[in-house]
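Novice: Starting off with a structure, shown below.
What follows draws every value from the coordinates through simple rules; no lab data is involved. Predicted model only: the values in this text are computed from it and were never measured. Here Cβ is always computed from backbone atoms with ideal geometry, including for glycine, and neighbour counts include all displayed protein chains.
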Amino acid sequence: MKLSQYQDLYRRLATAEDIDFLAENFGYDKELLLVIYTQRIVRDTTKKFYRVKAQAKRLAFLWQNGESLVSIARKFEFPPILGSLMILEQRKIPRKQFWKMIRDLDSVRDRRLRRELGEVVATDIVYSPVGSARQFARGGHLPQLHQDAGGRGDEAPVHEARLHHGLPQHQKRQRREDGEEPFAASLHGQDGSHLRPRPHSGQPRPRGK
């Protein structure tokens, strides 16, 4: 794919609905569109993460006063899963419990919360368990496409994973074992290994004497 074509798709994939629209009207492969959309969402989330997190109390206030988790996420143009995590952390729900609720909605006793988390999971095609499983199936991390379109290199996804969890790398393995991070391990190399140059596949050149 030419860079100009990739950049055009990158700009046009502003919402998940744009995937179906471009596929049905222009014949693009849905999997390709989903890859580009996922990359855009991860990069955008990286850029605005701290700005949204600084308003976590406001997000929680809006939810407490009747706005739904999905509507709040849309208002702040932020992934519903991560926005919900911030809101429920303000309600003293630990991250480990949050991820358990996301994976098992029937375990959520509060009817409003169960319904809204169901909407969140259905809406967020990047950070939901289904989105995470899709990334695993694709190879364990976001594909390296064109760096130029997003204005950042591929260091952004790894940086974003650290931002979301606020943990040093040596603590992340234990949290994955506890089932706490379904998306971090799936979207990003666990140790940043996908950023390292790949070894040359050919035979080494003989050195001159």
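Novice: Computed over the Cα atoms, what is the radius of gyration of the range 1-86 divided by 2.2 N^0.38 Å, N being its residue count?
Specialist: 1.28
Novice: Counting other beta carbons within 10 Å of each residue's own, what order do 98, 78, 26, 136 fall into, fewest first?
Specialist: Ranking 98, 78, 26, 136 by Cβ neighbours within 10 Å, fewest first, gives 26, 136, 98, 78.
Novice: Subtracting the Cα-Cα distance from 0.36 nm times the residue separation, let me have the gained length for residue 57 to residue 130 in nm, one decimal.
Specialist: Extending this stretch completely gives an extra 23.5 nm.
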